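Take a look at the structure below.
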């Protein structure tokens, strides 16, 4: 089941990838570097500029009445322009920007999971930055401090983006997925494509299988 109303997404009770992240941080606490709230706030800005432009007030420098600095607005706007420039030579990205449903959330009731020989169910949810209904797959938009492909790959695994992509793919039942990331440092655009059964998918699924089972034991 799918819906296009993003306003109620964070009020829903189904398990999300963010819930798994919170559980991981609780079970395996590590030192956090940087300002997570500032990073999340900036991520909201760049997502809105690219996928939900009607939420952005350029005159007041706000998203949903949340104010941003001129520097943040200028950087996000430059990142948006960089992605648009990339789409001029990347035909797939051009189609994504042209054809995608944006900020589309999906719910999977009684999704089946297996951990070892044990089977259980959870109600799950996810929200796509881009969803291509004609092709039944979607992808994610990220901002990053990485300046090279190798640095972004390190960030990809460090922040468990592999887990999120497998989680989303299995909720939707899709066989492909992708990420486009824009550097805050040099405005380069990085891209990763994922296929069901490949190394990234399997590693991500392994990560979420462990956390989903622990979530089920603790809260379901």
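Considering the range 42-66 alone, what residues qualify as being in a helix (DSSP H, G or I) and touching a helix residue (DSSP H, G or I) at 6+ places or on another chain (Cβ under 8 Å)? Correct list: 42, 45, 46, 48, 49, 50, 55. Here the condition is being in a loop (DSSP other than H, G, I, E, B), touching a helix residue (DSSP H, G or I) at 6+ places or on another chain (Cβ under 9 Å) and either surrounded by 20 or more Cβ atoms within 10 Å (Cβ to Cβ) or at pLDDT 95 or above (or both); of 212, 181, 155, 146, it holds for 146 alone. Scanning the range 24-40 for residues that are closer than 30 Å to residue 213 by Cα and assigned to a helix (DSSP H, G or I) yields 24, 25, 26, 27, 36, 37, 39, 40.
Return yes or no: is residue 71 surrounded by fewer than 13 Cβ atoms within 10 Å (Cβ to Cβ) and over 19 Å from the mean Cα position of the chain (by Cα)? In short, yes. When only residues in the range 118-130 that are touching a residue at least 60 places away in the same chain (Cβ under 8 Å) and buried (at least 16 other Cβ atoms within 10 Å of the Cβ) count, which is farthest from residue 105 (Cα to Cα)? The residue in question is 122. Within the range 87-115, residues that are without any contact (Cβ under 8 Å) to a residue 40 or more places away in the chain have Cβ atoms under 6 Å from residues that are loosely packed, with under 14 Cβ neighbours inside 10 Å in these pairs: 110/121; 112/121, counting only partners at least 6 apart in sequence or on another chain. In the set 39, 2, which member is under 25 Å from residue 104 (Cα atoms), surrounded by 10 or more Cβ atoms within 10 Å (Cβ to Cβ) and modelled with pLDDT under 90? Checking each option against the conditions leaves just 2.
Could you identify the single residue in 151, 91 that is out of contact with any strand residue (DSSP E or B) (no Cβ under 9 Å at 6 or more places or on another chain) and more than 23 Å from residue 197 (Cβ to Cβ)? So the residue among 151, 91 that is out of contact with any strand residue (DSSP E or B) (no Cβ under 9 Å at 6 or more places or on another chain) and more than 23 Å from residue 197 (Cβ to Cβ) is 91.
The values are calculated or read from the model by the stated rules, or taken from the named source; none is laboratory data. None of the values given here were measured: they were computed from a predicted structure. No Cβ is skipped: glycine too gets one built from the backbone with ideal geometry, and neighbour counts run over all protein chains shown.
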